[in-house]
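Student: Have a look at the structure that comes next, please.
What follows draws every value from the coordinates through simple rules; no lab data is involved. Values in this document were obtained by computation on a predicted structure and should not be read as measured data. Cβ: placed from backbone, ideal geometry, glycine included. Neighbour counts: every protein chain shown.
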């Protein structure tokens with residue numbers, strides 16, 4: 001059965017009104033400190049239905065499959081499912097260990113339009129609401145369940161075929177390359193939000209249809225990688241504009257979506273609103289320069305937005321960015337860092353240095369770090385000027401929970417256990433034969449901040 005947004009809202013609303021004596025309903029008391037996290041879960045699957053089905057596997061069946069996998073008695077046809085369940089359980093364990101009040105999740109596939117919440121609800125009921133293990137697959141359940149009564153999934157441009165030859169391969173209307181955002185099907189690589197506080201859906205703004213040409217200073221991207229490392233499409237040459245004039249008039253900026261979702265946090269002195277500015281820009285690789293420029297523009301969008309640019313408009317036609325005193329957190333796997341990698345680093349440097357961004361977090365003592373990242377850099381011979389700031393197994397710090405200067409941030413972190421720390425098997429577990437990477441949990445790490453309200 002598909003659980004759509006309307007039915008979920010009714011379910012949650014009824015529970016909050018009538019469930020006062022129901023011990024299964026978890027309530028969040030007024031707070032003065034709020035913990036917000038971003039995590040690329042690497043839940044990409046061949047279809048949305050595959051992920052949704054995995055999320056419906058009961059905890060009892062999960063345990064049965066994991067035990068059979070570990071003792072090598074599993075049927076071959078169940079092996080991949082068991083591996084995926086181990087991954088999901090480890091991700092759930094990371095969430096339970098860190099206990100963010102609000103969690104933005106990248107690479108959580110959906111139905112393309114964000115209406116079918118079956119997978120999200122299954123993740124809550126069958127994984128997050130069940131005790132997981134800090135010791136990974138086969139470990140005793142020793143973590144406390146965590147409840148998120150508010151769930152949202154967002155429409156995405158990935159796999160949404162444009163009808164234009166956007167990849168310049170001579171054919172149009174073909175996924176993944178001719179989609180507004182790269183994806184083999186509509187909904188691949190989407191993102192979602194889970195929250196213990198109310199998500200202000202009435203005032204949520206989405207920018208899925210915002211046109212790239214309308215970003216301040218935007219130019220039709222050109223072919224810039226001309227050393228032969230990336231193939232240049234037939235009939236094109238170095239310096240050519242990537243899009244035709246017709247395509248440039250309509251091409252969308254966001255490879256997935258850009259979303260401003262306000263959350264309403266109850267405090268002892270009244271309600272506080274924090275704007276979650278969520279996106280997952282395209283990687284700046286895989287072609288001769290267009291993706292690099294698109295990635296930079298997707299990141300640059302947020303700098304214009306927090307500075308209140310009048311040129312920005314949302315999917316409802318409302319123009320303008322955030323107000324001057326707004327509290328916000330820029331969240332997501334932005335596929336760009338300021339020191340290393342293939343992207344246009346100046347764009348990220350400018351965002352980090354913007355005075356509207358909390359400089360203690362962006363440039364100071366509260367920059368999120370971990371011991372696991374530093375150890376990984378040594379083990380893999382990764383050269384990076386700040387190895388403890390890496391947030392991915394491929395050696396870059398591309399995941400962000402970047403708060404506004406108006407937020408009083410007290411603590412930050414990247415959850416990545418080193419070999420001598422508790423929770424190591426949530427990242428590296430040779431016992432299950434996966435080693436290191438997204439098959440264990442994810443190739444990205446959770447980044448979090450804690451702010452005083």
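Student: Of the listed peptides 251-261, 299-309, 369-379, what is their order by residue-averaged count of other C-beta atoms within 10 Å, with the highest listed first?
Tutor: 251-261, 299-309, 369-379
Student: A further question on this structure: What list do you get for 156, 201, 412 if you sort them by fewest beta carbons within 10 Å? Can you show the working numbers first?
Tutor: Working: 156 29, 201 12, 412 21.
Neighbour counts put them in this order, fewest first: 201, 412, 156.
Student: Same structure again: If one computes the Cα centroid of the stretch 359-399 and of the stretch 209-229, what distance in Å separates the two points?
Tutor: If you average the Cα positions of each part, the centres end up 29 Å apart.
Student: The stretch 411-453 to the stretch 267-336: how many Å between their Cα centroids?
Tutor: Result: 26 Å between the Cα centres.
Student: I would also like to ask the following. Suppose the chain between residue 201 and residue 307 were pulled fully straight at 0.36 nm per residue; how much longer would it get relative to their current alpha carbon spacing? Can you show the working numbers first?
Tutor: Numbers: separation 106, 0.36 × 106 = 38.16 nm, distance 2.26 nm.
The residue 201-residue 307 span can extend by a further 35.9 nm.
Student: Determine which residues of the stretch 144-173 fall in the zone a paramagnetic label at residue 115 would reach in this model, i.e. backbone nitrogen under 19 Å from the point 7 Å along Cα→Cβ.
Tutor: Counting backbone N atoms under 19 Å from the label point, the list is 151-161.
Student: By how many nm would the segment from residue 29 to residue 227 grow when fully extended, if each residue of separation counts as 0.36 nm and the alpha-carbon distance is taken off?
Tutor: Full extension of this stretch gives 65.5 nm more.
Student: Measuring from the lowest to the highest alpha carbon on each principal axis, how far does the stretch 5-452 reach, largest first, in angstroms?
Tutor: 60, 55, 44
Student: Take the alpha-carbon positions of the stretch 202-321, form their convex hull, and give its projected area averaged over all directions (one quarter of the hull surface) in nm².
Tutor: Spelled out: convex hull of the Cα atoms, projected over all directions, averaged, 9.0 nm².
Student: Taking R0 as 45 Å, what FRET efficiency do you get between residue 315 and residue 72 from their Cβ-Cβ distance, rounded to the nearest 0.05?
Tutor: On the way: r = 51 Å, r/R0 = 1.13.
So, using R0 = 45 Å, E works out to roughly 0.35.
Student: Quick check of the Kirkwood formula: for the stretch 69-138, what is the inverse mean of 1/r over all pairs of different Cα atoms, in Å? Could the numbers behind the result be given before it?
Tutor: Values: mean 1/r = 0.0730 Å⁻¹.
By the Kirkwood definition, the hydrodynamic radius is 13.7 Å.
Student: Further question on the same structure: Rounded to the nearest 500 deg cm²/dmol, what is the calculated helix-only ellipticity per residue at 222 nm for the chain, with -39500 (n - 2.57) per DSSP H run of length n ≥ 4? It would help to have the intermediate numbers written out before the result.
Tutor: Numbers: 10 runs with 105 residues, N = 453.
Helix contribution divided over all residues of the chain: -7000 deg cm²/dmol.
Student: Suppose the chain between residue 268 and residue 360 were pulled fully straight at 0.36 nm per residue; how much longer would it get relative to their current alpha carbon spacing?
Tutor: 30.5 nm
Student: Which whole number in µm²/s is D for the stretch 364-441 by Stokes-Einstein, with the Kirkwood Rh taken over Cα pairs at 37 °C and 0.692 mPa s?
Tutor: 243
Student: With a cut-off of 19 Å, note down the residues of the stretch 392-406 whose backbone N falls inside the zone around a label point 7 Å from the Cα of residue 436 toward its beta carbon.
Tutor: 392-399
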